Amino acid sequence: MEEPILEVKQVTKLFGSNAELGLQLLEQGQTKEQLAEKGITVGVNRVSLDIRQGEIFVIMGLSGSGKSTLVRMLNRLIEPTSGQILIRGKDLLKMNKAQLREVRQKRISMVFQKFALFPHRTVLQNVEYGLEIQKVDAQSRKEKAEQALELVGLKGWGDKMPDELSGGMQQRVGLARALANDPEVLLMDEAFSALDPLIRRDMQDELIELQEKMKKTIVFITHDLDEALRIGDRIALMKDGSLIQIGTPEEMLTQPANGYVERFIEDVDLSKVLTASHVMRRPETITLDRGPRVALQLMRERGISNLFVIDRSKRLLGVITAEDASEANKTGKALSDILISDCPQVPPDTVLSDLFEATSSTKVPLAVVDEQGRLLGVIVRGAVLGALAGDVGEMEVKQHELHS
Amino acid sequence: MSFIPKIPLADWIEYIVDWMESNLGGFFEGLSKIIESVVEFFSWLFLLPHPLLFIVIFGVLAYLIGRIPLTLFTVIGFLLIDNLGYWTETMNTLGLVVTSGIISVVLGIPIGIWSAYSKTTHRIVSPLLDFMQTMPAFVYLLPAVTFFSLGVVPGVIASVIFAIPPTIRLTHLGIKQVSGELTEAADAFGSTSWQKLFKVELPLAMPTMMAGVNQTIMLSLSMVVIASMIGAQGIGATVYRAVTQLKIGQGFEAGLAVVVLAIVLDRFTQNLFKSKKRGA
């Protein structure tokens, strides 16, 4: 496990005049409502989490859950009432103004819900802003800004004013402005919420692509579960200022921590979230140096009609059927003669909705293979429908090799 | 209420004015010299070219700033003033207005910014501005004369007191109107307070601030007749003289000159900043 880039430790934010009292009351286990009666609003309630290098960490919750407050404490736009925030081990809350500015200029950039572009500056000048205030010379900041614009697909739009651009393009400018500083961490506060659904989808895809290219650490705030599941490597669900559950999208869906999480995920379209790796089973395999007789024997034992053939490093070579094996047994052919090498294969992150067609058009089970061509599991026809009916609990193949 | 003795407010004020006069006399004298020389410089500058040359210069400026109607109005209006024989007086008045306009902007914008940043300052400044705008001008004209003696300087001071409030108020408003998201963005990228002010807040507040400056110039122009009562030279003095001598026709002529100057100044200040905005 990599060292976390941001560590949030027991961070609390209370609004109101009597924060000291509020902290004590929270420690005594009083609820948000009880504190509200005393005129203290709980923004964030003792949240602890680690954000790892290079991941997209989604903080999700409904409005009023404290997610926007939490993300603003990560760059101290809002001062926490208590707790610790470490960036690469350094305490953000102990920094003086100059050190904090340095962090904001070079290490943590932010993208805003309503874009927050400066309307009096051109697109290029907007992107240059972060470099300009660092007093980077005009030539190199222009180059960097143009690179950032190119990265978000807005090459040649630099001379336009922000209000001449569509919403999606404006947010690309917002993204470019944040990337131009080459920060380690991007904070994205409901960055796509103001966009049309279709454009939002595109932006999500591009963000994932960008992140793969640039390996930034992204903290993404959203109230939209589908968005969280689509882009998040890990998701933190918040309610009333408290953290309810942290986990991968799969964990949130398959092992909800409590009833609140369950209700939250109730309406999710599972076919777009669950992937091949969720529904695959352990494959029955054989290596090529065995004979047809062994293969037949194995199939009979397991009650199946085909076997996947792999080499010693578990790479998939193909599939053999019971019919062919019994034929080969009679005629004395080897396994390699009856191998069907063009059997259907899918990568483990294929979503279920893309598996329907593949499973219905083939006689043999679908092989799930990784990038090296190694066989991870198989998907039998009924498993896809079973999973959609909520039957992912068995999940016997919580394959360790998948996550290693 | 007779059991409460009358508060001797009048005595207090007189005492304060006396005290200021005897203790701060040197300061007022120095200030007076500076203001007087600024007004004289502008009057000299405006009277330096021949009226026709001046009119051509203003015509070209009007054309550059904006529109042909403004150019026509400027040229015809100024020609009329020259024709009626009020050129020198009008230019003296322009010098006074420009001086009090500059003083108002130089003082007003920082005060406006300060009151936008500090609630306490705003709480103190705001009623003070009400006071300055509603207190009849004659009331502070007298102490102004005591401090600065007769002439153009108390006129400038009275104009500034009367005319500075819109600049302060609209600077305050302009900065307050800058959306919280934008100042937050400026902070999030690590701007210093000065960078935030000069790169984000002031540019965005500029149109509102300029509406204030425009109002300030109009108000200080409206003070020229009152200023002439304490010896400020210019077209205001002509109006004042004509009215006291019941020369209705002459009073009307001179009044027309004020109107022409007012409209030209108003359109100039308005359009100047619009065209700037377009160019940015």
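Laid out as a table, the results:
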{"read-out": "Given (1) of a type in the set (S, T, N, Q); (2) under 18 Å from A:Asp189 (Cβ atoms); (3) surrounded by 15 or more Cβ atoms within 10 Å (Cβ to Cβ), number of the condition A:Ser82 does not satisfy", "value": "(2)"}
{"read-out": "Lone unmet requirement of (1) assigned to a loop (DSSP other than H, G, I, E, B); (2) more than 25 Å from A:Asn75 (Cβ to Cβ); (3) among the basic types (Lys, Arg) for A:Arg201", "value": "(1)"}
{"read-out": "Qualifying residue in segment B:174-186 (condition: more than 9 Å from chain A (Cβ to nearest Cβ) and closer than 30 Å to B:Tyr140 by Cα)", "value": "yes"}
{"read-out": "Meets criteria (touching a residue at least 24 places away in the same chain (Cβ under 8 Å), surrounded by fewer than 20 Cβ atoms within 10 Å (Cβ to Cβ), within 28 Å of B:Ser228 (Cβ to Cβ) and hydroxyl-bearing (Ser, Thr, Tyr)) for B:Thr99", "value": "no"}
{"read-out": "A:Leu86 vs. criteria farther than 21 Å from A:Asp224 by Cα and within 14 Å of another protein chain (Cβ to nearest Cβ)", "value": "no"}
{"read-out": "Some residue of segment B:110-122 being more than 24 Å from B:Val264 (Cα to Cα) and not in a helix (DSSP H, G or I)", "value": "yes"}
{"read-out": "One residue from B:Ala232, B:Ala188 being closer than 30 Å to A:Gln105 by Cα and surrounded by 21 or more Cβ atoms within 10 Å (Cβ to Cβ)", "value": "B:Ala188"}
{"read-out": "Conditions (1) in contact with a Lys or Arg (Cβ under 8 Å, 6 or more places away or on another chain); (2) under 29 Å from A:Arg52 (Cβ atoms); (3) among the β-branched types (Val, Ile, Thr); (4) within 9 Å of chain B (Cβ to nearest Cβ); number of the one not met by A:Ile133", "value": "(2)"}
{"read-out": "Residue within segment A:93-102 that is touching a strand residue (DSSP E or B) at 6+ places or on another chain (Cβ under 8 Å), buried (at least 18 other Cβ atoms within 10 Å of the Cβ) and either modelled with pLDDT of 95 or more or on the phi < 0 side of the Ramachandran plot (or both) present", "value": "no"}
{"read-out": "Members of segment A:154-210 found to be within 12 Å of chain B (Cβ to nearest Cβ) and basic (Lys, Arg), listed by number", "value": "A:Arg177"}
{"read-out": "Test: A:Glu323 is at negative phi and modelled with pLDDT of 85 or more", "value": "yes"}
{"read-out": "Residue match in segment B:202-219 (condition: farther than 26 Å from B:Thr74 by Cα, more than 14 Å from chain A (Cβ to nearest Cβ) and either in contact with a His (Cβ under 8 Å, 6 or more places away or on another chain) or in contact (Cβ under 8 Å) with a residue 12 or more places away in the chain (or both))", "value": "no"}
{"read-out": "Residue in segment A:326-346 that is within 30 Å of A:Arg230 (Cα to Cα) and touching a helix residue (DSSP H, G or I) at 6+ places or on another chain (Cβ under 7 Å) present", "value": "yes"}
{"read-out": "Residue in segment A:363-388 that is nearest to the chain's Cα centre (by Cα), counting only those that are surrounded by 13 or more Cβ atoms within 10 Å (Cβ to Cβ) and over 19 Å from A:Arg282 (Cβ atoms)", "value": "A:Leu388"}
{"read-out": "Residue check for A:Arg101: more than 22 Å from the chain's Cα centre (by Cα) and not assigned by TED's automatic domain parsing to the domain that holds A:Gln134", "value": "no"}
{"read-out": "Residues being farther than 22 Å from A:Glu27 by Cα and either surrounded by 18 or more Cβ atoms within 10 Å (Cβ to Cβ) or free of Cβ contacts under 8 Å to residues at least 60 places away in the same chain (or both) - total across segment A:56-77", "value": "13"}
{"read-out": "Enumerated helices (runs of 4 or more DSSP H) restricted to segment B:1-79, each holding at least 3 residues that are closer than 19 Å to B:Thr93 by Cβ", "value": "B:25-47, B:51-65"}
{"read-out": "Complete set of residues in segment A:220-252 that are touching a residue at least 60 places away in the same chain (Cβ under 8 Å), farther than 25 Å from A:Ser109 by Cβ and in a helix (DSSP H, G or I)", "value": "A:Leu225"}
{"read-out": "Residues of segment A:337-388 that turn out to be in a helix (DSSP H, G or I), more than 23 Å from A:Pro292 (Cα to Cα) and not hydroxyl-bearing (Ser, Thr, Tyr), as a count", "value": "14"}
{"read-out": "Residue tally, condition surrounded by 13 or more Cβ atoms within 10 Å (Cβ to Cβ), hydroxyl-bearing (Ser, Thr, Tyr) and either part of a helix (DSSP H, G or I) or more than 44 Å from the chain's Cα centre (by Cα) (or both), over segment A:298-336", "value": "2"}
{"read-out": "Test: residue in segment B:1-14 that is surrounded by fewer than 17 Cβ atoms within 10 Å (Cβ to Cβ) and farther than 30 Å from B:Pro143 by Cβ", "value": "yes"}
{"read-out": "Residue list for segment B:127-160, filter: over 18 Å from the mean Cα position of the chain (by Cα) and not in a helix (DSSP H, G or I)", "value": "B:Ser149, B:Leu150"}
{"read-out": "Test for A:Arg263: is it basic (Lys, Arg) and modelled with pLDDT of 80 or more", "value": "no"}
{"read-out": "Residue match in segment A:33-41 (condition: of a type in the set (S, T, N, Q), over 30 Å from the mean Cα position of the chain (by Cα) and either not in a strand (DSSP E or B) or not assigned by TED's automatic domain parsing to the domain that holds A:Met238 (or both))", "value": "yes"}
{"read-out": "Unmet criterion (only one of (1) out of contact with any Gly (no Cβ under 7 Å at 6 or more places or on another chain); (2) free of Cβ contacts under 8 Å to residues at least 24 places away in the same chain) for A:Val47", "value": "(2)"}
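Let's see how each residue does on (1) over 30 Å from A:Leu187 (Cα atoms); (2) polar (S, T, N, Q):
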{"site": "B:Leu129", "(1), (2)": "yes, no"}
{"site": "B:Leu141", "(1), (2)": "yes, no"}
{"site": "B:Thr146", "(1), (2)": "yes, yes"}
{"site": "B:Ser149", "(1), (2)": "yes, yes"}
{"site": "B:Pro166", "(1), (2)": "yes, no"}
{"site": "B:Ala185", "(1), (2)": "no, no"}
{"site": "B:Thr192", "(1), (2)": "no, yes"}
{"site": "B:Val200", "(1), (2)": "no, no"}
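Here's the yes/no breakdown for (1) of a type in the set (S, T, N, Q); (2) more than 27 Å from the chain's Cα centre (by Cα); (3) not in a loop (DSSP other than H, G, I, E, B):
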residue	(1), (2), (3)
A:Val44	no, no, yes
A:Val58	no, no, yes
A:Ser68	yes, no, yes
A:Pro80	no, no, no
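The values are calculated or read from the model by the stated rules, or taken from the named source; none is laboratory data. Nothing here was measured: the structure is a model prediction, and the numbers come from that model. Glycine gets a Cβ as well: all are built from the backbone with ideal geometry, and neighbour counts include every protein chain shown.
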